[in-house]
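Written below as structure tokens is the structure these notes are about.
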Amino acid sequence: MGMHVTRHVSRPLLLLVPLFARPPTSLAAVAAFAPSSPLHAGLFSAPLMPLRCKSPATLRGGGGASIFLRGKKPAAASWRAMAGTAEKEGEEAAASEVEWSAGKVRQTFIDFFKEKHQHDFVVSSPVVPLDDPTLLFCNAGMNQFKPVFLGQADPSSRLASLKRAVNTQKCIRAGGKHNDLDDVGKDTYHHTFFEMMGTWSFGDYFKEEAIAWAWDLLTNVYKLPTDRLYATYCEGNEHEGGTVPADEETRQLWLKYLPEDRVLKGSMKDNFWEMGDVGPCGPCTELHFDRVGGRNAAHLVNMDDPDVVEFWNIVFMQFNREEGGALKLLPAQHVDTGMGFERLVSMLQDRRSNYDTDLFSYLFSAIQAEIGCEPYGGRVGPEDKDFRDTAYRVLADHARTLSFAIADGAVPSNEGRGYVLRRILRRAVRYGQQMLGAHPGFMSKLIPAVVSYYKDIFPELTAKQSLIVATLEEEEAAFEKMLTTGIKWFETLAEGLVAEQQDTVQGADAFFLYDTMGFPVDLTELMAEEKGLRVDVKGFEQCMAQQKQRSKEAAAMAKGGGGKAMALGVDETAALAKMGIGATADEGKYVWEEGQACAVQAVYLGDGEFLKEGEAAEEGVRVGVVLDATSFYAEAGGQVGDTGTLKVGDAQVQVEDTQSFAGYVLHVGRVSKGALRVKAEGTAHVDYTRRKKIAPNHSMTHVLNLALLSVLGGSVDQKGSLCDHAKLRFDFTAKRALTEEQLQQVEDMCAQQIQEELAVEAKLVPLAQAMALPGLRAVFGEQYPDPVRVLSIGANLEGMLAGSAGSAGGRSVELCGGTHLSNTREALAFCLVQEEAVAKGVRRISALTGEAAVAGGARGGGPPPPRRRRPP
């Protein structure tokens, strides 16, 4: 048994803590001091109190040695102070002891593919998808690359030019199809937040290279023992009457490196990867690792054995799953690999539990320091009778998830991803208070530890730390009012059920806990499970039906849609490219009051059908027209698409909406006259009267953004916007409702910039140069084209680009591709009409410009009307 000496840094005593070569069978701790020291006698003559947990593992790979102090249990602040000093020294010592620290594991992966195989590093996208309504959270590394796989990437964006990519993606799996929430805490390997290290080939290399490079990295760089590695391949479903053949090519490639008994056939369920009900998919090969070794563990692969874990999934993207389930070959073949970062770290650090690595040890220390509870012991299942170690794992996991989700724009609420966050927080609060004896408000105190640990690789956490803490403080305070009462109510209910020998919590009781006490039903299920009970979920859902009726009807209407969907997917954009049709030239959208000469390149009829040459779309038919050039603005950046008229050949099309897909501008409308044919030539006419009402709303949205930043400070972030012909709407982060004084300040600043008659100027600039402009406002996680359009309102943009004008000087400078005014005086007036909450920590302002604002009583147009205010 070796001894580890914690370094003495201006401290009155030296602690010696034993390290174990193998996990001990019980918690052990030794504190040794010089025998002559008076502290030695004092420490060993009073009851021992645990200070913190920082250790190798016990039993199933958890827990370990602790440092102990004598005397009274310190106050929480004292715990934090002592743990903070010890933590810093412990982390320094841990870094020197562990060959493969988490940071080294991550950087080695990135460097291997960047430097040896020419992959571009792409930073993680936010865990809150900005423009993908099909996802609650980013749940896989490939999410941000979906436009590439679907053939919908903007040709001018960086995504469209990528051939090879590598990154580490922040992911959350809690809610929806991919949901690990219920398993977190119960075992040693499930997480709601995790990193997915991934590599991609976009129509470049395929199976042979992907497999060879994976083997090289694992065995020659990370030096994992080859006799512990297993690979699976897709068996297909032809033997069941299906159409997917066995992936024999992958099998043969693996046989170059592994013996036949470790290259295993996998089912469609395990080895055919699909992100959702629709979208890109294909056969995959999975790599598994036996943590034990010295045996043939083939029979344990994909059997949920905690010691034989899948850690890398290599997907060969060949198909697209259509609505209705049909599979179609993708236009180009891609590779998408995803490696579980937490699992790989545990493998390289020789820990049987992800929670016993340096990814979690700092958080366990923070939890013990904050709460003052017994140290983490690594127990699971029946061994963890008091659920203490389960609670540790829950708190550590959920603190990470909440930190990243809130930093990236999600806020707890009663709907969608906000409701998932609320469930996660309340689950953690219940575990912390009931199992560990935590004080109210403890979760927000764990956030600084998470931020400090990840600040280098994910700096956005540092910028948002105060927002994360404030959001959790508010949520915890709201739930605290109901938590104690709800637990007591449930305990009484459970005791009665057990006494009556019943095993079911009725749906009405679960609904009462949800509706009155704020307990998510899965939290009630968890508490019931701990008592040997179950919840009548169907009964609960029946009780919820009335409350959910409106949303269900709205969803049904949205799905119903009416008519064929006018959207170009991967097959449609690939078909256009195959026909030799290039992206639509849309520079004309910035030219006003002129018709755009154009020719019809294609006519889309919906459901994958295009009008054939020689055929015609008659009057009344709904169409999507692709032109060679257009003056129409396609919906983007919060600005609605243009409407107007296409006069081509002897036909006229009344355009009702304009959308863009992978560079193809789709003019959606109905043939109002004549017969529409492919190759017909004519003119595109935008409804400029309508656009003139949209432009001031968009330009003044930029001014409003600047005004809010000036009044509320740097914590304001844009969360969404809508600019149409009637109004502008702007969503932004704010901890509370704006006061009347703040609203007046915002309105006055916007009106002042109209009175100053500021020039509105736009320039096309290389993306890197634009992002370096001082004072530039950009949306975090947004994919911008390169070059990108920079819009300034009143700023010396030429001087800023030349480096002679310094910052924006208190003026608005943003990245924007919209159609705008040429001068703020054209907006005439500005009038705030509503300020309201749309989610926890997100406010919405609605405003008018132009004649509508004058009529509404904006400055110069009479006394302003009272603003509509909704409660915060």
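The values are calculated or read from the model by the stated rules, or taken from the named source; none is laboratory data. All figures in this text were calculated on a predicted structure; none of them were measured in a lab. Here the Cβ positions follow ideal geometry from the backbone for every residue, glycine too, while neighbour counts run over all protein chains shown. The accessibility values were calculated without ligands, DNA or RNA, using every heavy atom of the protein model including side chains. Shrake-Rupley method; radii C 1.70, N 1.55, O 1.52, S 1.80 Å.
Brief remarks on what is shown
- Listing of helices (runs of 4 or more DSSP H) fully contained in the range 204-294 that carry 3 or more residues being within 32 Å of the chain's Cα centre (by Cα), at pLDDT below 95 and on the phi < 0 side of the Ramachandran plot: 268-271
- Ile367 open to solvent by less than 40 Å² (accessible area, probe 1.4 Å), among the aliphatic types (A, V, I, L, M) and not in a helix (DSSP H, G or I): no
- Subset of the range 694-719 [more than 17 Å from Leu791 (Cα to Cα) and of a type outside the set (A, V, I, L, M)]: Ser710, Gly713, Gly714, Ser715, Asp717, Lys719
- Residues being assigned to a helix (DSSP H, G or I), touching a Lys or Arg at 6+ places or on another chain (Cβ under 9 Å) and open to solvent by less than 80 Å² (accessible area, probe 1.4 Å) - total across the range 487-512: 6
- Pairs, first closer than 23 Å to Ser161 by Cβ in the range 642-666, second hydrophobic (A, V, I, L, M, F, W, C) and open to solvent by 30 Å² or more (accessible area, probe 1.4 Å), C-beta under 6 Å, six or more apart: Gly663/Ala583
- Hey, Val411 touching a residue at least 24 places away in the same chain (Cβ under 8 Å), assigned to a loop (DSSP other than H, G, I, E, B) and at negative phi or not: yes
- Options Asp717, Asp748, Asp724: the member that is acidic (Asp, Glu) and modelled with pLDDT under 90: Asp717
- If the condition is being of a type in the set (A, V, I, L, M, F, W, C) and modelled with pLDDT of 90 or more, then the range 774-794 contributes Val788, Val790, Leu791, Ile793.
- Check on Ala778, under 24 Å from Pro129 (Cα atoms) and in contact with a Phe, Trp or Tyr (Cβ under 9 Å, 6 or more places away or on another chain): yes
- Search result, residues across the range 713-748 that are within 20 Å of Gly841 (Cα to Cα), polar (S, T, N, Q) and either surrounded by 15 or more Cβ atoms within 10 Å (Cβ to Cβ) or in contact with a His (Cβ under 8 Å, 6 or more places away or on another chain) (or both): Ser715, Gln718, Ser721, Thr733, Gln742
- The number of residues in the range 631-645 being within 18 Å of Leu568 (Cβ to Cβ), at pLDDT 95 or above and not in a loop (DSSP other than H, G, I, E, B) comes to 0.
- Within the range 430-448, the residues that satisfy the criterion of being surrounded by 20 or more Cβ atoms within 10 Å (Cβ to Cβ) and either assigned to a loop (DSSP other than H, G, I, E, B) or in contact with a strand residue (DSSP E or B) (Cβ under 6 Å, 6 or more places away or on another chain) (or both) are Leu436, Ala438, Phe442.
- Considering the range 449-477, the residues that are assigned to a loop (DSSP other than H, G, I, E, B) and either touching a Leu at 6+ places or on another chain (Cβ under 8 Å) or not charged (D, E, K, R) (or both) include one that is surrounded by the most Cβ atoms within 10 Å (Cβ to Cβ), namely Phe458.
- Any hit, the range 727-746, residues being farther than 30 Å from Leu801 by Cα, assigned to a helix (DSSP H, G or I) and acidic (Asp, Glu): yes
- Of everything listed in (1) within 19 Å of Gln318 (Cβ to Cβ); (2) among the polar types (S, T, N, Q); (3) open to solvent by less than 10 Å² (accessible area, probe 1.4 Å), the single unmet condition for Asn237 is (3).
- Matching residues, the range 307-344, being among the aliphatic types (A, V, I, L, M), touching a strand residue (DSSP E or B) at 6+ places or on another chain (Cβ under 8 Å) and either surrounded by fewer than 17 Cβ atoms within 10 Å (Cβ to Cβ) or within 23 Å of Glu248 (Cβ to Cβ) (or both): Ile314, Val315, Met317, Leu327, Leu329, Leu330, Ala332, Val335
- In the range 585-609, residue farthest from Ser822 (Cα to Cα) [restricted to those that are out of contact with any Asp or Glu (no Cβ under 8 Å at 6 or more places or on another chain) and among the hydrophobic types (A, V, I, L, M, F, W, C)]: Leu605
- Residues in the range 800-838 that are out of contact with any helix residue (DSSP H, G or I) (no Cβ under 8 Å at 6 or more places or on another chain), modelled with pLDDT of 90 or more and open to solvent by less than 40 Å² (accessible area, probe 1.4 Å): Gly817, Asn823.
- Residues in the range 675-700 that are open to solvent by 10 Å² or more (accessible area, probe 1.4 Å), of a type in the set (Val, Ile, Thr) and not in a loop (DSSP other than H, G, I, E, B): Thr683, Val686, Thr689.
- One residue alone among Ala770, Ala759, Ala751 is crowded, with 18+ Cβ neighbours inside 10 Å, over 30 Å from Val122 (Cβ atoms), among the aliphatic types (A, V, I, L, M) and in contact (Cβ under 8 Å) with a residue 40 or more places away in the chain, and that residue is Ala751.
- For the range 377-384, the criterion of being open to solvent by 10 Å² or more (accessible area, probe 1.4 Å), within 30 Å of Cys281 (Cβ to Cβ) and either at pLDDT below 95 or in contact with a strand residue (DSSP E or B) (Cβ under 6 Å, 6 or more places away or on another chain) (or both) is met by no residue.
- Apart from one condition, Gln252 fits all of (1) surrounded by fewer than 18 Cβ atoms within 10 Å (Cβ to Cβ); (2) in contact (Cβ under 8 Å) with a residue 24 or more places away in the chain; the exception is (2).
- When Glu208 is tested against (1) over 27 Å from Val380 (Cα atoms); (2) among the acidic types (Asp, Glu); (3) crowded, with 16+ Cβ neighbours inside 10 Å, only condition (3) is not met.
- Of all residues making up the range 573-624, the number that are assigned to a helix (DSSP H, G or I) and within 18 Å of Glu681 (Cβ to Cβ): 1
- Test for Pro225: is it out of contact with any Leu (no Cβ under 6 Å at 6 or more places or on another chain) and free of Cβ contacts under 8 Å to residues at least 12 places away in the same chain: no
- Checking each residue in the range 844-872 for being assigned to a strand (DSSP E or B), modelled with pLDDT of 90 or more and touching a helix residue (DSSP H, G or I) at 6+ places or on another chain (Cβ under 9 Å) picks out Ile845, Ala847, Leu848, Thr849.
- Among the residues of the range 617-643, those identified as surrounded by 16 or more Cβ atoms within 10 Å (Cβ to Cβ) and out of contact with any strand residue (DSSP E or B) (no Cβ under 6 Å at 6 or more places or on another chain) are Tyr633, Ala636, Gly637, Val640.
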